[in-house]
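A.B. asks: Pasting a structure below so you can have a look.
The values are calculated or read from the model by the stated rules, or taken from the named source; none is laboratory data. The model shown is predicted, which means the values in this text are computed figures rather than measured ones. Cβ placement follows ideal geometry from the backbone for every residue including glycine, while neighbour counts extend to all protein chains displayed. Heads up: the accessible areas ignore ligands, DNA and RNA and are worked out on the full protein's heavy atoms, side chains in. Shrake-Rupley method; radii C 1.70, N 1.55, O 1.52, S 1.80 Å.
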Amino acid sequence: MEQRIYLNNGWYFSDAYHAGMEKTDYRYEEETPVRIPHTVAVTPLHYFDEHEYQKISAYFKTFNVPAAWMDKDVYLTFDGVAHSCVVYINGKVAGEHFCGYTALTLNIKDLLDYGHENLIMVRVNSREDQNIPPFGFVIDYMTYGGIYRDVYLEVKDPAHVEDAYVSGDMDGRIRLDFTATAAAAGKKLTVSVGGVTLGEEILQTGNKSGEDAAGDQADNAKNQADTAKEPIHLLREYAISSPLLWSPEVPNLYTIKMTLEDEFGVVSDEKEVRFGFRTAVFKEDGFYLNGEKYKIRGLNRHQSYPYVGYAMPKNPQRNDVYLLKKELGLNAVRTSHYPQSHHFLEACDEMGLLVFTEIPGWQHIGDETWKLKAIKNTEDMVLQYRNHPSIILWGVRINESVDDDDFYKRTNEAAHRLDPVRQTGGVRCYKKMSLLEDVYTYNDFVHSGDNQGCDTKKSVTSDTNKGYLISEYMGHMFPTKAFDWEEKRLEDAIRHARVLNDVAKNDDIAGSFGWCMFDYNTHKDFGSGDRICYHGVMDMFRNPKMAAYVYAEMQDAVPVLALSSTMDIGEHHGCNRNETYIFTNADSVKMYKNDNFIKEYVHDNKQFSHLKNPPIKIDDYIGDALKAEKMTPAQERDVKIILNEVAKFGLYQMTTGSKLKAAKLMTFHHMSMTDAVELYNKYIGDWGGASVSYRFEAIKDGKVVKTLRIAPMTQMHLEVECDRVVLKEIESYDVACVRIRALDENGNTLCYYNDPVMLSVEGNAELIGPSVIGLSGGRGGTYIKSVGKAGNAKLTVSDVNGRATADVEFKIQLEP
Ligand code: GAL
């Protein structure tokens, strides 16, 4: 039966491997007890050296092997070990692996001591000087180290399903690429979906798929002895009528079940694979999902977290999918620059996110040994991930590398051989490169503020008959911190909007992935000098920056209403407000100043003609208030235009149009400069006047769905937002992601609150990371980890000035 026995608990760790540690008499119990996922080095949030995690370390674990397993196959899987490892079972080498981002599975049956305790020892090399991808040159992300994904055993009858690749299309066809062990010969295979049998057949030695079998017929007899030992391979097609299709909007999933049984009905193996019915094709004129043109809107995601790097269990991985999908309203993600946790991919399948996943690498291509590893990575990626219906494209080039046709012919061949259904891409940063893939995937960084948002397809690739997808934009072109100047943060948001708008406008661009979801730790050669690349639309704790609202406002599920400004004029040069935008997905937004209605704004499609719910520019701080001045309508209009313009850009930046209007007002209406200043103070009321408050009401279908009040702060408080308050230990420990924000009494982030905050946990949980953190831009976070004990825990967060405290209670449950 398919059942995983997770081996994530009860490990011992030594951060310095030395010869002899693999021997069974090594006293590993004296090393540090740890649980998986584990990082070889807990690091600070920033300002640390990447050599801290580059080491050769050792992990130890004992496990019981019942005598009843004697006639079974026992598979041991490491889902992710960064970056290469040798696995020893009871002192003997069981296998090795040279990729930090794909899984290693070993059949360890011959090395086990049945009826006794057995010892696993893993020598883990997390150094970056190895001749394996992605290493060999500089890399713009930290690569961390450790056994950082699940470890588990599967114990199977010798007659079992080895592998099954299942894909469904929009017409209800199911393609099953099936492999069983040689020992399964003579067993009946039953394939069913939702309890309905699709096919039954007796497996035979030498069973081959159609094409394989034809080539083999001639020398069948000769090979009989060999084929008896070979796995049984079948390629089958089934169909169901009117399937519920999979899409990001409605991610319907089905489960196919394969049962092997003998003539007496004794089941030797059952395997279930989850899949979806969907057809995903990149064509010359765009991307088609289930036969309909579909614009991909996504972000790039690294798999890193503060302090523990890659070592996060299931729920934080799933939370990132939730944030991409529900908070940012995206329909896609690129797992830059390597295959990521199956927990992440499973959540993409379930919540509905299209995925572009790729082999590990960053610009550098190594020698032939290195290339062979990359080809093996391609095979492993496809074999290990192809059952995720969310994946729509394989990246089979090293991200941003130069052309190497011979090498990339081999990676393309591997991907197409193991997955004839999906297309390939491979990320480039140069135009007009050799295209062996099905889709030209290109990092378009052309937008620099005052030009086009993206290049046209035909200016990038001559292969215009193939698909074209933008795999990155923004990022290093405009690094922006959550605590940057307001105008910088706004410019960042508007640049994201400009690129998205131009991608939407170009019909033959399949879509785009922005760089990137959140800020990340990087090597000394990149970032802002503190080992962080501030390229995210969220910070490292996944707190949204302003640019996040450009994405969030395009979704309809949750009402969004945010303002680009705190309306504190002292934040701006010359105390001129500059542009202010409203981000919303409502039909309209009513603006009030000191509770006086000013204007009802609707989405203005002039600036972003192709965006759904584009940002709305505020152009009026006066409304009808000038009516009280008893001016002529023309005079009133002109005064309003001038005052609004001066409010934004100052007296000295007046446009020629406004200067002419001012001249007219002075000449014909005898207005003086003193009158103008008086009007300005009265109706704009900025520098030198008392501060004002604003209220914004987002209206959808005639109802106010969200209100925002912006006024000078008088009181701060802390908001502690957790992705969950019930922690469940299933595969391993569980972790809650906590976002902390300093807010004013109206719930607005205090964007320059950079003070320390104290964190403490009581009960059966612990903090990941330090217990005193500095908020950055009013934002921060922490992680709460279960410790293997059921019960309660409480997190208390308090600010250093003793002004604010918040707590959250957690429940911890242990699942059997
Ligand atoms: C790209 C690269 C990414 C990241 C990004 C920053 O060139 O593929 O990994 O470094 O630039 O903008």
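A.B. asks: Of the residues that make up the range 6-15, is at least one at negative phi, touching a strand residue (DSSP E or B) at 6+ places or on another chain (Cβ under 7 Å), open to solvent by 40 Å² or more (accessible area, probe 1.4 Å) and not in a strand (DSSP E or B)?
C.D. replies: yes
A.B. asks: Restricting the first residue to the range 326-338 and requiring it to be free of Cβ contacts under 8 Å to residues at least 24 places away in the same chain, which pairs with a second residue that is within 16 Å of the ligand (Cβ to nearest atom) meet a Cβ separation below 7 Å and a spacing of at least six or different chains?
C.D. replies: none
A.B. asks: Quick check on this structure: which one of ALA68, ALA58 is touching a strand residue (DSSP E or B) at 6+ places or on another chain (Cβ under 6 Å) and small (Gly, Ala, Ser)?
C.D. replies: ALA58
A.B. asks: Considering only the range 436-445, state which residues are more than 11 Å from the ligand (Cβ to nearest atom), open to solvent by 20 Å² or more (accessible area, probe 1.4 Å) and touching an Asp or Glu at 6+ places or on another chain (Cβ under 8 Å).
C.D. replies: Matches in the range 436-445: LEU436 only.
A.B. asks: Would you mind telling me which numbered condition in (1) free of Cβ contacts under 8 Å to residues at least 24 places away in the same chain; (2) under 19 Å from LEU708 (Cα atoms) GLY536 fails?
C.D. replies: It is condition (2) that GLY536 fails.
A.B. asks: Of all the strands (runs of 3 or more DSSP E) wholly in the range 95-207, which have at least 3 residues that are among the acidic types (Asp, Glu) and away from the ligand (no atom under 16 Å from the Cβ)?
C.D. replies: Of the strands (runs of 3 or more DSSP E) lying wholly inside the range 95-207, none has at least 3 residues that are among the acidic types (Asp, Glu) and away from the ligand (no atom under 16 Å from the Cβ).
A.B. asks: If we scan the range 370-380, do we find a residue that is crowded, with 24+ Cβ neighbours inside 10 Å and not hydroxyl-bearing (Ser, Thr, Tyr)?
C.D. replies: yes
A.B. asks: Which of the residues belonging to the range 127-180 are over 26 Å from LEU260 (Cα atoms) and among the basic types (Lys, Arg)?
C.D. replies: ARG127, ARG149
A.B. asks: Could I ask something else about it? MET474 passes all but one of (1) within 13 Å of the ligand (Cβ to nearest atom); (2) aliphatic (A, V, I, L, M); (3) open to solvent by 20 Å² or more (accessible area, probe 1.4 Å); which number fails?
C.D. replies: Of (1) within 13 Å of the ligand (Cβ to nearest atom); (2) aliphatic (A, V, I, L, M); (3) open to solvent by 20 Å² or more (accessible area, probe 1.4 Å), only one is false for MET474: (3).
A.B. asks: Can I ask one more? Hey, can you tell me all the residues within the range 31-64 that are more than 27 Å from ILE730 (Cα to Cα) and not hydrophobic (A, V, I, L, M, F, W, C)?
C.D. replies: PRO44, HIS46, TYR47, ASP49, GLU50, HIS51, GLU52, TYR53, GLN54, LYS55
A.B. asks: (1) away from the ligand (no atom under 16 Å from the Cβ); (2) farther than 18 Å from ILE359 by Cβ: which one isn't true of PHE526, the others all being true?
C.D. replies: Unmet for PHE526, out of (1) away from the ligand (no atom under 16 Å from the Cβ); (2) farther than 18 Å from ILE359 by Cβ: (1).
A.B. asks: If a residue counts only when it is surrounded by fewer than 19 Cβ atoms within 10 Å (Cβ to Cβ), which strands (runs of 3 or more DSSP E) contained entirely in the range 555-619 have at least 1 such residues?
C.D. replies: Qualifying strands (runs of 3 or more DSSP E): 588-593, 596-602.
A.B. asks: Continuing with this model, one more query. Wholly within the range 320-435, which strands (runs of 3 or more DSSP E) include no fewer than the required count, namely at least 2 residues that are more than 16 Å from the ligand (Cβ to nearest atom)?
C.D. replies: In the range 320-435, 354-358, 391-395, 423-425 are the strands (runs of 3 or more DSSP E) which contain 2 or more residues that are more than 16 Å from the ligand (Cβ to nearest atom).
A.B. asks: Condition (residue is touching a Leu at 6+ places or on another chain (Cβ under 7 Å) and without any contact (Cβ under 8 Å) to a residue 12 or more places away in the chain) applied to the range 90-98: is it met by at least one residue? Don't jump to the end; show me each part of the working.
C.D. replies: Step one: of the range 90-98, the residues touching a Leu at 6+ places or on another chain (Cβ under 7 Å) are 90, 92, 94-95, 97.
Remaining after also requiring without any contact (Cβ under 8 Å) to a residue 12 or more places away in the chain: 95.
Yes, the range 90-98 has at least one match.
A.B. asks: Among the residues of the range 507-518, is there at least one that is under 24 Å from ASN748 (Cβ atoms) and either touching a Leu at 6+ places or on another chain (Cβ under 7 Å) or not in a loop (DSSP other than H, G, I, E, B) (or both)?
C.D. replies: Yes.
A.B. asks: Determine whether the range 285-306 contains at least one residue that is part of a loop (DSSP other than H, G, I, E, B), without any contact (Cβ under 8 Å) to a residue 60 or more places away in the chain and within 9 Å of the chain's Cα centre (by Cα).
C.D. replies: Scanning the range 285-306, I find at least one residue that is part of a loop (DSSP other than H, G, I, E, B), without any contact (Cβ under 8 Å) to a residue 60 or more places away in the chain and within 9 Å of the chain's Cα centre (by Cα), so the answer is yes.
A.B. asks: Can you name every residue in the range 531-551 that is open to solvent by 10 Å² or more (accessible area, probe 1.4 Å), over 17 Å from THR782 (Cβ atoms) and more than 15 Å from the ligand (Cβ to nearest atom)?
C.D. replies: Of everything in the range 531-551, those that are open to solvent by 10 Å² or more (accessible area, probe 1.4 Å), over 17 Å from THR782 (Cβ atoms) and more than 15 Å from the ligand (Cβ to nearest atom) turn out to be PRO544, MET546, TYR549.
A.B. asks: Would you tally the residues in the range 16-50 being surrounded by fewer than 16 Cβ atoms within 10 Å (Cβ to Cβ) and assigned to a strand (DSSP E or B)?
C.D. replies: 2
Yes or no, residue by residue, for (1) farther than 19 Å from ASP403 by Cβ; (2) in contact with a His (Cβ under 8 Å, 6 or more places away or on another chain); (3) not polar (S, T, N, Q):
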{"position": "LYS431", "(1), (2), (3)": "no, no, yes"}
{"position": "LEU436", "(1), (2), (3)": "no, no, yes"}
{"position": "THR461", "(1), (2), (3)": "no, no, no"}
{"position": "LYS466", "(1), (2), (3)": "no, no, yes"}
{"position": "MET474", "(1), (2), (3)": "yes, yes, yes"}
{"position": "MET477", "(1), (2), (3)": "yes, yes, yes"}
{"position": "ALA482", "(1), (2), (3)": "yes, no, yes"}
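A.B. asks: Which number in (1) of a type in the set (S, T, N, Q); (2) surrounded by 14 or more Cβ atoms within 10 Å (Cβ to Cβ); (3) under 28 Å from the mean Cα position of the chain (by Cα) marks the one condition that GLN813 misses?
C.D. replies: Exception for GLN813: condition (2).
A.B. asks: Moving on to the next point. Out of GLU729, GLU719, report the one residue that is open to solvent by less than 20 Å² (accessible area, probe 1.4 Å) and in contact with a Gly (Cβ under 9 Å, 6 or more places away or on another chain).
C.D. replies: None of the other options fit; the residue is GLU729.
A.B. asks: Okay, next question. For residues that are polar (S, T, N, Q), surrounded by fewer than 21 Cβ atoms within 10 Å (Cβ to Cβ) and under 30 Å from the mean Cα position of the chain (by Cα), tally how many sit in the range 151-199.
C.D. replies: 0
A.B. asks: List every residue pair whose Cβ atoms sit under 9 Å apart, with the two residues 6 or more apart in sequence or on different chains, where the first one lies in the range 455-478 and is modelled with pLDDT of 95 or more and the second, anywhere, is small (Gly, Ala, Ser) and open to solvent by 30 Å² or more (accessible area, probe 1.4 Å).
C.D. replies: Note: pairs meeting the criteria are MET477/SER448; PHE478/SER448.
A.B. asks: Across the range 446-471, which residue is farthest from VAL333 (Cα to Cα) among those that are away from the ligand (no atom under 16 Å from the Cβ) and open to solvent by less than 10 Å² (accessible area, probe 1.4 Å)?
C.D. replies: THR461
A.B. asks: Would you point out which residue out of ARG489, ARG495 is within 16 Å of the ligand (Cβ to nearest atom), modelled with pLDDT of 95 or more, charged (D, E, K, R) and open to solvent by less than 40 Å² (accessible area, probe 1.4 Å)?
C.D. replies: Unique residue meeting the criteria: ARG495.
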